1. Please indicate, with yes or no, whether at least one residue in the range 130-150 is at pLDDT 75 or above and open to solvent by 50 Å² or more (accessible area, probe 1.4 Å).
2. Taking interchain pairs and intrachain pairs at least six residues apart, which have beta carbon atoms under 6 angstrom, with the first residue in the range 11-37 and open to solvent by 60 Å² or more (accessible area, probe 1.4 Å) and the second modelled with pLDDT of 75 or more?
3. Give me the pairs, please: first residue somewhere in the range 83-105 and at positive phi, second residue anywhere and charged (D, E, K, R) and at pLDDT below 95, beta-carbon distance under 8 Å, and either six or more positions apart or on two chains.
4. So which residues in the range 39-59 are of a type in the set (A, V, I, L, M, F, W, C) and either closer than 22 Å to Ala81 by Cα or open to solvent by less than 50 Å² (accessible area, probe 1.4 Å) (or both)?
5. Quick check on the range 110-121. Is at least one of its residues surrounded by fewer than 16 Cβ atoms within 10 Å (Cβ to Cβ), within 21 Å of the chain's Cα centre (by Cα), modelled with pLDDT of 90 or more and not aliphatic (A, V, I, L, M)?
6. Do we have Ile78 as without any contact (Cβ under 8 Å) to a residue 60 or more places away in the chain, in a helix (DSSP H, G or I), open to solvent by 40 Å² or more (accessible area, probe 1.4 Å) and within 14 Å of Gly41 (Cβ to Cβ) here?
Amino acid sequence: EFLARRWRLTRLTPAFAMDFQECGRWLLVIVNSIFTLCGFGVFAAGIFLLVKASELEQDVELLKDLPLTTTSYVVMFIGLALAITSVIGVIGALRKNRVFLTVYLFVIFAVVLIQLCIGIYLYQYDSDASINALVEEKWFEENEGAREKRIDYQAPSF
């Protein structure tokens, strides 16, 4: 009787495991499809920033010192990389392609490691003092026209 019960459990286990794998596969397809759309959205935001960079540098005083053109190219690259990685994940999951899934896993692992390193760097070496110094330098300057600039920052534009 023990062997018969054990035989039935092992016979049912692969079917249960197969259903679990199918659910995981379709979850991977859905999540990566959403991330593909997000990646294209980030890419579009980078293009918008690139088009409006010179206008923003002229209109917003705090953004004059920032390299907006370079930032827009970085944002475009990140969006495109996210979209391509997600498409590789979708194709790998739909076709059950081991190579695509391995590349997808490697890229995701590398991105997590890079984010971890950046987080450690920012925690260790960066502080709020740099942001505060930038705001105080631009916001609390006391020269001709400084008051008008502060009023322009606060006034809503219609």
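The values are calculated or read from the model by the stated rules, or taken from the named source; none is laboratory data. In this text, all values refer to a predicted model and were calculated from it rather than measured experimentally. So basically every Cβ, Gly included, is an ideal-geometry build from the backbone, and we count neighbours across all protein chains shown. Ligands, DNA and RNA are stripped out before the accessible areas are found, and what is left, the full protein with its side chains, is counted by its heavy atoms. Shrake-Rupley method; radii C 1.70, N 1.55, O 1.52, S 1.80 Å.
1. No, because not a single residue in the range 130-150 is at pLDDT 75 or above and open to solvent by 50 Å² or more (accessible area, probe 1.4 Å).
2. Phe35/Ser86
3. Lys96/Arg25
4. Selection gives Phe40, Val42, Phe43, Ala44, Ala45, Ile47, Phe48, Leu49, Leu50, Val51, Ala53.
5. no
6. The answer is yes for Ile78.
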